[in-house]
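The structure appears below as structure tokens.
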Amino acid sequence: MSLTKRIIPCLDVKNGAVVKGIKFLDLKDVGYPPELAEAYEKQGADEIVFLDISASAEGRKTLLGIVEETAKRLFVPLTVGGGIREKDDMRAALNAGADKVSVNTVAVQRPEIISECAKDFGSQCVVVAIDAKRHAGGWTVYTHGGRKDAKMDMVEWARKVEDLGAGEILLTSMDADGTKDGYDIAMTKAVADAVNIPVIASGGCGSPKHILDVLKETRAEAALAASIFHYGQWTVKDVKTYLRQNGVEVR
Amino acid sequence: MPLKVALADYGVGNLHSIRKALENCGAIVNVIEDMSLLTEAECIVLPGVGAFDKTMERLLPYKEDIVQRLNEGVPCLGICIGMQIMFQNSAEGEGPGLGFLHGRVVRLKAPRIPHMGWNTVETDDEIMNGVDDTHFYFAHSFHGSPEDGSDVGHTDYFGRIPTLFHKSNTYGTQFHPEKSSFAGMSFLNNFVRFAEERK
């Protein structure tokens, strides 16, 4: 036995509620994140990610209350990302009950925030989210939720965040995201081979086979998915059974 | 009478999950900021948040008294960094640890660091009795390397690393039971029962 691959459902949270429709659960309050997180834990999720897509400061504040409520009932790790602008935002999220916090735009703008946070809170809770798009000869990093070209090479940036003390990379393919055609294997491979910290593959998952492919063909430690779980096509348990049958070790 | 647990708050990170988990196992949890109170506690839990020196900062003035209590057999659980500070020193920090466990904390040797995710613990120790699934959640770059034989459980991660420690009535875990779902809860339940019998 050794370290198992992780399956991570991701919930988009806006003003304290989950945005994407969630059909698999027979719950009264369908959009309430702590309840959904707990339900995913019961299915066997190895970790939960809350991605805050609130546009306002008030929405963010609501999220911290939600994180606190979740931490009291969730007994798997919780990662919170979206809208982190400074070290104090990260501190607030950790104090509220997040185990890890992911940074994206702010890390590109001010890379030293990675080392500052790693020093104060430990590398294991600093996740750098990298959104990238395929360009001639490689992949380019984007910030601001994919709206702004950071004009940086993805692999170089991945190496740099590792040097700065990031504990993990959450890698999203903007080309694959939303297509349900599968993860970008070449892209995931490029990053997972270049760094010595764990990599979470994200973007494009439409079936358990896609998760199997990215975990078998790359060195990624984990796969993140949203809609395949939310719409009840597959439970986390189904995916894990399938992975186990196909030779991938999972919990 | 339910077990009263003194849960050390080093001033960094959150204690929501571990507090709730211990309460779910039937313990009454007092979050302690004044570390001198640890020396009077009937059960001590040193949680797993923060870095080595920062975590030791508040404990340092009471080091001798805490170690004496541990040697006398007060039940104690140290999680991750809360376990690592029981050693004499660490490659992660400059200052001393409690020195209750003999040996030091060393950096992991592996192509992927941190060791992050779910891995198994191999052990014969009674604290794992009835814990069916022994997958636990790990998130660490350092691990304890004891010289006193206190390592009673091990994990395979590019080599065999010590991940469960037992000495006197103290347990230390490299994994986070409070983040290890049903297996973690089952482990913590065993610890609370263990502590109740020895308080």
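From the set of residues in the stretch B:105-140 that are in contact with a Gly (Cβ under 8 Å, 6 or more places away or on another chain) and either closer than 19 Å to A:ARG219 by Cα or of a type in the set (D, E, K, R) (or both), which is surrounded by the fewest Cβ atoms within 10 Å (Cβ to Cβ)?
Only one residue tops the list, namely B:LYS109.
State which residue pairs qualify: first residue β-branched (Val, Ile, Thr) and inside the stretch A:153-166, second residue surrounded by fewer than 19 Cβ atoms within 10 Å (Cβ to Cβ) and not in a helix (DSSP H, G or I) in any location, beta carbons under 8 Å apart, and separation of 6 or more residues or different chains.
Hits for this filter: A:VAL155/A:GLY138; A:VAL161/A:PRO111.
Restricted to the stretch A:108-123, and to residues that are touching a Gly at 6+ places or on another chain (Cβ under 8 Å) and among the polar types (S, T, N, Q), which residue is surrounded by the fewest Cβ atoms within 10 Å (Cβ to Cβ)?
A:SER115
Identify all residues within the stretch B:14-70 that are out of contact with any strand residue (DSSP E or B) (no Cβ under 8 Å at 6 or more places or on another chain), small (Gly, Ala, Ser) and buried (at least 20 other Cβ atoms within 10 Å of the Cβ); write none if there are none.
B:SER17, B:ALA21, B:GLY50, B:ALA51
What helices (runs of 4 or more DSSP H), lying completely within the stretch A:137-251, carry at least 3 residues that are more than 26 Å from B:VAL121 (Cα to Cα)?
On the way: elements: A:154-164, A:185-194, A:208-217, A:227-230, A:236-245.
Helices (runs of 4 or more DSSP H) meeting the threshold: A:154-164, A:185-194, A:208-217, A:227-230.
Can you tell me which residue in the stretch A:51-65 is surrounded by the fewest Cβ atoms within 10 Å (Cβ to Cβ), limited to those that are small (Gly, Ala, Ser) and out of contact with any helix residue (DSSP H, G or I) (no Cβ under 8 Å at 6 or more places or on another chain)?
Applying the first criterion (small (Gly, Ala, Ser)) to the stretch A:51-65 yields A:54-57, A:59, A:65.
Within this subset, residues satisfying the condition of being out of contact with any helix residue (DSSP H, G or I) (no Cβ under 8 Å at 6 or more places or on another chain) are A:55-57, A:59.
Values: A:ALA55: 11, A:SER56: 11, A:ALA57: 9, A:GLY59: 18.
By that ranking, first place goes to A:ALA57.
Could you check the stretch A:198-223 and list, in sequence order, the residues that are buried (at least 24 other Cβ atoms within 10 Å of the Cβ), within 14 Å of chain B (Cβ to nearest Cβ) and not aliphatic (A, V, I, L, M)?
A:PRO198, the sole residue that qualifies.
Kindly indicate whether any position in the stretch A:59-72 is modelled with pLDDT of 85 or more, over 19 Å from A:VAL236 (Cα atoms) and among the basic types (Lys, Arg).
Yes, the stretch A:59-72 contains at least one residue that is modelled with pLDDT of 85 or more, over 19 Å from A:VAL236 (Cα atoms) and among the basic types (Lys, Arg).
Taking the stretch A:90-112 only, how many residues are more than 17 Å from the chain's Cα centre (by Cα) and within 24 Å of A:ILE48 (Cβ to Cβ)?
Step one: of the stretch A:90-112, the residues more than 17 Å from the chain's Cα centre (by Cα) are A:91-92, A:95-96, A:108-112.
Applying the additional criterion that residues be within 24 Å of A:ILE48 (Cβ to Cβ) yields A:91-92, A:95-96.
Adding up the residues that qualify gives 4.
What number goes with the only condition from (1) of a type outside the set (Lys, Arg); (2) free of Cβ contacts under 8 Å to residues at least 60 places away in the same chain; (3) under 28 Å from A:LEU78 (Cα atoms); (4) assigned to a strand (DSSP E or B) that B:TYR171 does not pass?
Looking at each condition in turn, B:TYR171 falls short on (2).
Looking at B:LEU77, B:LEU60, B:LEU98, which one is in a helix (DSSP H, G or I) and modelled with pLDDT of 95 or more? Talk me through it step by step, then tell me what you get.
Working: B:LEU77 fails: in a helix (DSSP H, G or I); B:LEU98 fails: in a helix (DSSP H, G or I).
From the options B:LEU77, B:LEU60, B:LEU98, the qualifying one is B:LEU60.
What are the residues in the stretch A:81-112 that are more than 10 Å from every other protein chain (Cβ to nearest Cβ), at pLDDT 95 or above and farther than 16 Å from A:MET152 by Cβ, if any?
A:VAL101, A:SER102
Which residue, of B:ALA51, B:ALA27, is facing chain A (nearest Cβ under 9 Å) and touching a residue at least 24 places away in the same chain (Cβ under 8 Å)?
On the way: B:ALA27 fails: facing chain A (nearest Cβ under 9 Å).
Exactly one of B:ALA51, B:ALA27 is facing chain A (nearest Cβ under 9 Å) and touching a residue at least 24 places away in the same chain (Cβ under 8 Å), namely B:ALA51.
Take the residues in the stretch B:101-153 that are outside any strand (DSSP E or B) and among the hydroxyl-bearing types (Ser, Thr, Tyr); name whichever of them is nearest to the other protein chains (Cβ to nearest Cβ). Lay out the reasoning, then the answer.
Quick first cut of the stretch B:101-153, residues outside any strand (DSSP E or B) only: B:101-102, B:108-114, B:121, B:124-134, B:141, B:147-150.
Pick out the ones that are also among the hydroxyl-bearing types (Ser, Thr, Tyr) and you get B:134, B:141, B:150.
Numbers: B:THR134: 9, B:SER141: 6, B:SER150: 23 Å.
The residue in question is B:SER141.
The values are calculated or read from the model by the stated rules, or taken from the named source; none is laboratory data. Since the model is a prediction, treat every value here as computed from it, not as a measurement. Glycine gets a Cβ as well: all are built from the backbone with ideal geometry, and neighbour counts include every protein chain shown.
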